[in-house]
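Chemist: This is the structure I want to talk about, given as structure tokens.
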Amino acid sequence: MKRSVAGRLWPGATAVILFGVFAFPVYWMFSTAFKPTSDIVSEDPVWFPTDATWEHFRTAMDASHFWTLVGNSFTVTVSAVGLSLAIALLASFALARMRFKGRRGFVVVFMIAQMAPWEVMTIAIYMIVRDGEMLNSLVPMTLFYTVMVLPFTVLTLRTFVAAVPRELEESAMVDGCTRPQAFLKVIFPLLAPGLMATSLFGFITAWNEFPLVLILNKDAEAQTLPLWLSSFQTVFGDDWGATMAAASLFAVPILLLFLFLQRKAVGGLTSGAVKG
């Protein structure tokens, strides 16, 4: 009996410990953002803000070009995710449903592209953008972010498309649907979990990307939030409150998107199980 109880308890205890290890830095970041400066510089750790303040958030949001950079980040990220999903839907359907010469090699190329570090190509990317006279522009950033997340998106959606029974698509075509109509009316609704997972991955990748925008966009009004976040140590010196407030603001969109898409993904799985 003792062994049985221990066997049931240790997985839960391990999960709680791991959750604490990964959640503590996030808690410390948010709590520090609300602490007064006296608590932040105190020699003894202050685990909870003694007098919560919004001053650090006001300091971060009053930084130069803040709202312009917010708009740039959302524009580039949402555009890149939308483009990658549109392209990946067609490519994943072709790889999962159609048989053509070179299909396996095509999949291998996507796998290699997914594993390749993009940092090794920054010089080549810079030369292409410079020769095209597109420096300090959001267009090349959007295109390169799309290419960065496309391999993962295609490979992931290909798995979801392959999991949809062919009989559903064939039944729709027998009922009078064309192949594109069968894809939109039958397969596409069943891809909700895959679309949520890939869009979340693409959003996080494009939202956090730092090296490319640092190299391509020197103009302050053409930059994105990662560069704004990296400049706080220079702008504010040792103002850790403003730095943590800026990091918290930067993390909030990802946290909200994760919570929203997690609920939608579970809803899509449940709906598919009921209809199946």
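Chemist: Remind me, relative contact order of the stretch 133-206 in percent, using alpha carbon pairs under 8 angstrom and six or more residues apart?
Modeler: 42 percent
Chemist: A further question on this structure: Between L214 and M121, what FRET efficiency follows from the Cβ-Cβ distance if R0 is 22 Å, with the result rounded to 0.05?
Modeler: 0.90
Chemist: Between A86 and D175, what FRET efficiency comes out of the Förster formula 1/(1 + (r/R0)^6) with R0 = 22 Å and r the beta carbon distance, rounded to 0.05?
Modeler: 0.25
Chemist: Based on DSSP H runs of at least 4 residues, each adding -39500 (n - 2.57), what is the mean residue ellipticity at 222 nm of the chain after dividing by all its residues, to the nearest 500 deg cm²/dmol?
Modeler: -24500 deg cm²/dmol
Chemist: So if we plug the beta-carbon distance of F19 and A251 into 1/(1 + (r/R0)^6) with R0 = 25 Å, what FRET efficiency do we get, rounded to 0.05?
Modeler: So the FRET efficiency works out to roughly 0.90.
Chemist: Counting only C-alpha contacts under 8 Å and six or more residues apart, can you give the relative contact order of the chain as a whole percent?
Modeler: Once divided by the residue count of the chain, the mean separation gives 29 percent.
Chemist: Let me ask another. Could you give the length gained on full extension between V107 and R58, defined as 0.36 nm per residue of separation minus the Cα-Cα distance, in nm?
Modeler: Using 0.36 nm per residue and subtracting the Cα-Cα distance, I get 12.8 nm.
Chemist: Report the residue, chosen from S31, S73, S42, that carries the largest GNM mean-square fluctuation when the chain is represented by alpha-carbon nodes joined by springs under 10 Å.
Modeler: Sorting by GNM fluctuation, first place goes to S42.
Chemist: Another question, if that's okay. Would you give the gap between the C-alpha center of the stretch 111-189 and the C-alpha center of the stretch 52-108, rounded to a whole Å?
Modeler: Using only Cα atoms, the two centres lie 11 Å from each other.
Chemist: Further question: May I ask you to give the percent of accessible area on the stretch 89-229 that is carbon plus sulfur, with a probe radius of 1.4 Å?
Modeler: 69 percent
Chemist: Just need the relative contact order of the stretch 1-84 here, percent rounded to a whole number, with Cα pairs under 8 Å and 6+ apart.
Modeler: Normalised by residue count, the contact order of the stretch 1-84 is 18 percent.
The values are calculated or read from the model by the stated rules, or taken from the named source; none is laboratory data. Computed from a prediction, not measured in an experiment: that's the story for all the values here. We place every Cβ from the backbone using ideal geometry, glycine too, and count neighbours over all the protein chains shown. Surface accessibility is based on the protein's heavy atoms, side chains included, excluding ligands, DNA and RNA. Shrake-Rupley method; radii C 1.70, N 1.55, O 1.52, S 1.80 Å.
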